[in-house]
Amino acid sequence: MTTVVFWALVALATITGLVTAWTLGANSNSPPFAPAIGANAISTMRAAFLIGILAAMGALTQGGSISETVGAGLIDGATITSLAAVAGLLTATGFMAFGIYSGYPVPAAFATTGAMVGVGLSLGGQPVFDTYRRIAIFWLLVPPVSGSLAYLTATVLRRDDIPETVGVPLLASVVGGIVANVQLSIIPSPAGTDQGSLAGFAAMVAGTDIAAVAATLLIAAGSFYYIRLQTQASVDKGIKTFLVVLGSVVAFSSGGSQVGLATGPLENLYRAELGLPGFVLLALGAAGILGGAWMGAPRLLQATSREYAQLGVRRSIAALVPGFIIAQAAIALGIPISFNNIIISGVIGGGLAGGSAGVSRRKIGVTVGFWLITLVTSVVIGFGVYQVLEAALGSQV
């Protein structure tokens, strides 16, 4: 490969990765704040601004594990070259663009995972069935787990014997306890680990695991107390405050769980061929997500907020709580996920808590069917796109 061709491919792969990240920022990271906008707790433009900042921060501090899985964990015996990265990103971005303009629910994680498997097979690599099995199990568990958690959450919020001055703060304490254990690259950690948590840092400083438990309980209690004060002053104000806080942590998590879909295909190119640290690649993805959120999210937020307003505040909370929990589990395990898949499942589960109203079996069937079609066809198209690019460039690569 000539130097000119190599750098041309680097530029093309980088631009395609930025476009993918921009698309994710404009679409996949928007739902968390839609309930707060629908409840008039925050304006659309302010929400878009926060989404960009929070999702970019999540991408920088939590995006590494999923980026590595997408870039190197899906195929054995082959490395993703610059041309392969271009082929994979073009395929995945094409699927997402089709979803945006057609209105069909194209899950970014399915499209990117399938595209990178197809490209890897086209390179002569071997399938990593253990990884596929782990990812498939997680994906299959997402709808029932998200739906069940949303159903449980909505049921608690609907109970007459549990006042909202108790139920909402209890949910806040659960979220706070999880936040205390979220792994972040900016928190000091023990030797041999790349990320630390607030609870883990407390244990490291104190020299005992009891400190981690104490820190978790302290942050959970603080979250409970803060939201309880808000709900006691005004139930409506307390719920709106919790919606904004919940939207913030979910937007942060969505950035960490989604950026790897844009940066993963570039892992080998940036880290092995160019010799750049992983932070540079995550910063590239974060910049794309930030731009997408600021430029593309407002219009989508206005549309989705109307849908969430129809759902009601309680069902919206019920959909977002499992979204936060599952997204953090996926980040910890390094599994690429579709955030819309989690939210849709949560909306369905929350709806079932109040009966079957608003839950269309036909729509569920169409959505699931399209997810499966996306996964299978992205493998085939990714394989073919790489073959076409390689044939077109011939001996230059």
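Once the Cβ-Cβ distance of SER43 and ILE15 is raised to the sixth power relative to R0 = 35 Å, the FRET efficiency obtained is 0.60. Summarising the label geometry, the points placed 7 Å from Cα in the beta-carbon direction at VAL205 and LEU274 lie 3.7 nm from one another. Given axes a ≥ b ≥ c from the Cα gyration tensor, I'd like to know whether region 163-304 is rounded (a/c under 1.5), prolate (a/b larger than b/c) or oblate. It is oblate, given that a/c is not under 1.5 and a/b is not larger than b/c. Computed over the chain, relative contact order equals 38 percent, with contacts defined as Cα pairs under 8 Å that lie 6+ residues apart. Each residue of region 374-379 was assigned a 3J(HN,Hα) from its phi angle through the Karplus curve 6.51 cos²θ - 1.76 cosθ + 1.60 (θ = phi - 60°); the sequence is 4, 4, 5, 5, 5, 5 Hz, with glycine and proline shown as x.
Descending by average beta-carbon neighbour count within 10 Å, the peptides 341-348, 275-282 line up as 341-348, 275-282, the highest first.
Comparing Cα centroids, region 228-265 and region 277-300 end up 18 angstrom apart. Computed from the C-beta positions of LEU140 and ASP76 and an R0 of 25 Å, the FRET efficiency is 0.60 to the nearest 0.05. Surface composition of the chain: carbon and sulfur atoms hold 67% of the protein heavy-atom accessible area at a 1.4 Å probe. Across region 55-62, coupling constants 3J(HN,Hα) worked out from phi with the 6.51/-1.76/1.60 Karplus curve, θ = phi - 60°, read 5, 5, 4, x, 4, 5, 9, 9 Hz, and Gly and Pro carry x.
Taken per residue, the accessible surface of region 1-109 reaches 36 Å², heavy atoms only and a 1.4 Å probe. Where only DSSP H runs of four or more residues are counted, the chain gives -26500 deg cm²/dmol as its mean residue ellipticity at 222 nm, each run worth -39500 (n - 2.57). Descending by average beta-carbon neighbour count within 10 Å, the peptides 211-224, 24-37, 83-96, 60-73 line up as 24-37, 83-96, 60-73, 211-224, the highest first.
When the P(r) is computed for region 99-185, the part past 19 Å accounts for 66% of the Cα-Cα pairs. Amide hydrogen proximity for ASP76: with H placed 1.01 Å from N in the peptide plane, the residues at 5 or more positions away or on another chain lying under 5 Å are GLN126, VAL128.
The calculated FRET efficiency for ALA191 paired with LEU217, based on their beta-carbon distance and R0 = 25 Å, is about 0.40.
The values are calculated or read from the model by the stated rules, or taken from the named source; none is laboratory data. In this text the structure is predicted, and so the values were computed from the model without any measurement. Heads up, the Cβs are rebuilt from the backbone with ideal geometry, glycines too, and the neighbour counts pull from every protein chain shown. Side chains included, ligands, DNA and RNA excluded: accessible areas come from the protein's heavy atoms. Shrake-Rupley method; radii C 1.70, N 1.55, O 1.52, S 1.80 Å.
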